[in-house]
Amino acid sequence: MPKTTFFKITARLPRFRADLLTWYAAHRRPLPWRQSRDPYRIWVSEVMLQQTQVATVIPYFEKWLQVFPDIAALATAPIDQVLKSWEGLGYYSRARNFHRAAGEVVARHNGEIPRDYAAFRALSGVGDYTAAAVLSIAFGLPYAVVDGNVKRVLARLLVLEAAANDPGAKILFQEKADQILDRNHPGDFNQALMELGATVCKPRTPDCPGCPVRVYCAGLHGQMQTQLPNRLAAKKTPLKHQVAVVPLWENQVVIRRRPAQGLLGGLWEFPVVERAETEPAKRVVGDLLNSEFGPGFDRLTPLGTVKHAYTHFKIEVSVFLAEATDSAPRSTVSENGKWINISELETYPFSKYNLRIIELLRKHLDPS
DNA sequence: AACACGGGGAC
DNA sequence: GTCCCAGTGTT
Ligand code: SF4
């Protein structure tokens, strides 16, 4: 076993920072939001990147900038257009809060994104991470970011035993990140640490031989790098059974808007109810039709089953087409619902599983 | 402190 | 299937 070089990072902080920054300058990926320091563009990217991988974000980022080129355009846009541009990205409160924050920037700061930490951090949807990221990258202010990448890299580099997904450990990680931050190059240093985590110090298999800071890595030195960071065990997610119905009359279907807050808040959906596992899906959908849409639906066709996994539960949705083939059904449906033409479906924002229902519907109506 | 909140990439 | 991602808000 050959001896490997190891330096305590605390004894060589300036060298560590320089090595990391040199590596970043040579290896940074040419991502769309790295083409300028426009604080709005940086902000858009940081909101989209929350809990979302780079490859997923790129097409959404490009489209968003086309539709909402600046903070004023976002502030004045209707919420349905905002959610439609976010459709498929998940965590829709990010879109709702960003939209609200744009209004706050106009109202409180004359349309100018504030450079002051307290002022920016106070905007809707802006937490510790986003405030530090935008202010350091766009304005060069010395605030250290702590995200999943940073926690993983720090846990290995410094051998921190605290669980990365324990909210109580956040203070420790923030403290360490504050200490190693290069206050002369905070934006690049923050991005370098995250880039290292995303491309080298990866969750499963860190590429230590290719790591620019391996000589400072206590985790590698102690051969503990692959078992760090520690993590609190995840809970199991229950399975919920649901029944969704697509009421159809001529070329029209019923959709409804979900409550503005909570799961998939503000998105549209086909009428859906939960059912006990033992309850026959067909009877549940019959009851739903009678209570919410009145008589007239004389043909019920199963379209299939849609499965979807959320963070805290899974759903299995039995989908039915309910047709009124004889007489017209009631024109008014429950308060949040409405009849629309099938061709209008693409103009409303839907969740992923509802988009799959639309696929099932189109396949049934036009099997080709 | 614990939980709610989407969807997808990597394995 | 599991893990986990450039996190934030609510209770
Ligand atoms: S040496 Fe390995 S474990 Fe340490 S920071 Fe680099 S990639 Fe991560």
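Tabulated results
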quantity: The lone exception for residue A:20 - which of (1) crowded, with 19+ Cβ neighbours inside 10 Å; (2) under 16 Å from residue A:134 (Cβ atoms); (3) aliphatic (A, V, I, L, M) it fails; calculated: (2)
quantity: Residue A:168 vs. criteria more than 11 Å from DNA strand C (Cβ to nearest atom), closer than 29 Å to residue A:310 by Cβ, free of Cβ contacts under 8 Å to residues at least 12 places away in the same chain and not assigned by TED's automatic domain parsing to the domain that holds residue A:324; calculated: yes
quantity: Selection count, segment A:28-60, where residues are surrounded by 19 or more Cβ atoms within 10 Å (Cβ to Cβ) and either within 16 Å of DNA strand B (Cβ to nearest atom) or closer than 22 Å to residue A:189 by Cβ (or both); calculated: 12
quantity: Number of the exception - residue A:260 against (1) more than 30 Å from residue A:338 (Cα to Cα); (2) aliphatic (A, V, I, L, M); (3) loosely packed, with under 14 Cβ neighbours inside 10 Å; calculated: (1)
quantity: Inter-residue pairs, beta-carbon under 6 Å, first closer than 19 Å to residue A:358 by Cβ and in segment A:306-324, second within 9 Å of DNA strand B (Cβ to nearest atom) and part of a strand (DSSP E or B), 6+ apart; calculated: A:315/A:308
quantity: Candidates A:281, A:276, A:260 - the one that is over 30 Å from residue A:204 (Cβ atoms), in the same structural domain as residue A:301 (by TED's automatic domain parsing) and within 13 Å of DNA strand B (Cβ to nearest atom); calculated: A:260
quantity: Only listed residue being within 16 Å of DNA strand B (Cβ to nearest atom) and touching a Pro at 6+ places or on another chain (Cβ under 9 Å), chosen from A:64, A:23, A:86; calculated: A:86
quantity: Options A:266, A:187, A:219, A:262; residue that is under 30 Å from residue A:169 (Cβ atoms), in contact with a Leu (Cβ under 6 Å, 6 or more places away or on another chain) and within 16 Å of DNA strand C (Cβ to nearest atom); calculated: A:219
quantity: The one condition in (1) out of contact with any helix residue (DSSP H, G or I) (no Cβ under 8 Å at 6 or more places or on another chain); (2) away from DNA strand C (no atom under 15 Å from the Cβ); (3) assigned to a loop (DSSP other than H, G, I, E, B) that residue A:212 fails to fulfil; calculated: (1)
quantity: Which listed residue is in the same structural domain as residue A:47 (by TED's automatic domain parsing), within 11 Å of DNA strand C (Cβ to nearest atom), closer than 26 Å to residue A:16 by Cβ and not basic (Lys, Arg), from A:177, A:133; calculated: A:133
quantity: Residue in segment A:69-82 that is β-branched (Val, Ile, Thr), in contact (Cβ under 8 Å) with a residue 40 or more places away in the chain and within 15 Å of DNA strand C (Cβ to nearest atom) present; calculated: no
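Okay, residues lined up against (1) loosely packed, with under 12 Cβ neighbours inside 10 Å; (2) more than 29 Å from the chain's Cα centre (by Cα); (3) more than 16 Å from DNA strand C (Cβ to nearest atom):
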{"residue": "A:295", "(1), (2), (3)": "yes, yes, yes"}
{"residue": "A:302", "(1), (2), (3)": "no, yes, yes"}
{"residue": "A:312", "(1), (2), (3)": "yes, no, no"}
{"residue": "A:316", "(1), (2), (3)": "no, no, no"}
{"residue": "A:323", "(1), (2), (3)": "no, yes, yes"}
{"residue": "A:352", "(1), (2), (3)": "no, no, no"}
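The values are calculated or read from the model by the stated rules, or taken from the named source; none is laboratory data. Computed from a prediction, not measured in an experiment: that's the story for all the values here. Don't worry about glycine lacking a Cβ; one is built from the backbone with ideal geometry, like all the others, and counts go over all protein chains shown.
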